[in-house]
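Next up is a structure, given as C-alpha cells.
The values are calculated or read from the model by the stated rules, or taken from the named source; none is laboratory data. Fair warning: this is a prediction, and the values are worked out from it, not measured in the lab. Here Cβ is always computed from backbone atoms with ideal geometry, including for glycine, and neighbour counts include all displayed protein chains. All accessible areas refer to the heavy atoms of the entire protein, side chains included, with ligands and DNA or RNA removed. Shrake-Rupley method; radii C 1.70, N 1.55, O 1.52, S 1.80 Å.
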Amino acid sequence: DVARSGALSPVVGGVFWISCTIAALLGGLLYVFLVGARSRPVVTALDQPGQTALVGAVLMVGLPLLALAFLASGIGLVIGASIALNVIPVLAVFGYVISGAALGQLLRDRFDRMHNPYVATLGGVGLLQVFVALPLLGLLSMLAAPFGAGALFLALWRYHERRAGAETNAEHAAYAAA
C-alpha cells in the first residue's frame, strides 16, 4: 500500500513546491508589471534592512495577536477572522514577492548582468524558492515574508506621511493667500 508506506509524500511535496514556485514567479512578474522593479518597498528593503526586519517581525507577531484578541472578545469575530484569514496571508504573499524582488534587485546591482527588471525579479523569487527546498536555508527563507511585509508597511507609512505633509502645506498656503 503506497499511501501507508509514505512513498507518496515526496511526490506530493514536490508537486506542492513546484506549484508554489510557479505561483511565486507569477506573483513576481505581476509585481514588476504593476509597480516596477525599483518600487518604494524594494528600495526601503534595500536601504533600511534593520528597520524593515523589525517592522516585519512586529507585524507577523502583532497581527495574529490582534486577530486572537478580536476573536476572543466575541464582538469582533468577523474582524478577527478577517485579519486571520485575509490580511495575514495576503501580507505574507506580498511580503515574500517583495523580498524576492529586493533580492533580485540586489543581485542585479551587484553583478549588473540582469538589465531586465523581470529577469532580476524572477531570479530573486526563484532563488528564494530554491532556498525553501534546502534544509537550513529553508528555515531562513521563512523570514522573507515578514521582511517584505515590513518593507511594504514602511513604504506605505512613508507615502502617507509625505502625502499628509503636502496636504497640510497646501492648506497653509491657501489660508495665507486668503
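Consider residue 94 carefully, then state whether it is of a type in the set (Phe, Trp, Tyr), in contact with a Phe, Trp or Tyr (Cβ under 9 Å, 6 or more places away or on another chain) and within 27 Å of residue 58 (Cα to Cα).
Here the answer is yes, as residue 94 does meet what is asked.
Among residues belonging to the range 22-61 that are of a type in the set (Val, Ile, Thr) and more than 13 Å from residue 121 (Cα to Cα), point out the one that is least open to solvent (accessible area, probe 1.4 Å). Break it down stepwise before answering.
Kept after step one, since they are of a type in the set (Val, Ile, Thr), are these residues of the range 22-61: 22, 32, 35, 42-44, 52, 55, 58, 61.
Applying the additional criterion that residues be more than 13 Å from residue 121 (Cα to Cα) yields 22, 43-44, 52, 55, 58, 61.
Values: 22: 93, 43: 42, 44: 16, 52: 0, 55: 30, 58: 91, 61: 91 Å².
Going through the qualifying residues, I end up with 52.
What is the residue count in the range 70-101 for residues that are open to solvent by less than 60 Å² (accessible area, probe 1.4 Å) and either in a helix (DSSP H, G or I) or in contact with a Gly (Cβ under 9 Å, 6 or more places away or on another chain) (or both)? Give the derivation first.
So the first thing to find is which residues in the range 70-101 are open to solvent by less than 60 Å² (accessible area, probe 1.4 Å), and the list is 74, 76, 80-84, 88-89, 91-92, 95-101.
The next check asks that each one be either in a helix (DSSP H, G or I) or in contact with a Gly (Cβ under 9 Å, 6 or more places away or on another chain) (or both); those that pass are 80-84, 88-89, 91-92, 95-101.
Number of matching residues: 16.
Related question: Restrict the check to the range 136-146 and report whether at least one residue is in contact (Cβ under 8 Å) with a residue 60 or more places away in the chain, more than 19 Å from residue 34 (Cβ to Cβ) and either outside any helix (DSSP H, G or I) or more than 16 Å from the chain's Cα centre (by Cα) (or both).
Yes, because at least one residue in the range 136-146 is in contact (Cβ under 8 Å) with a residue 60 or more places away in the chain, more than 19 Å from residue 34 (Cβ to Cβ) and either outside any helix (DSSP H, G or I) or more than 16 Å from the chain's Cα centre (by Cα) (or both).
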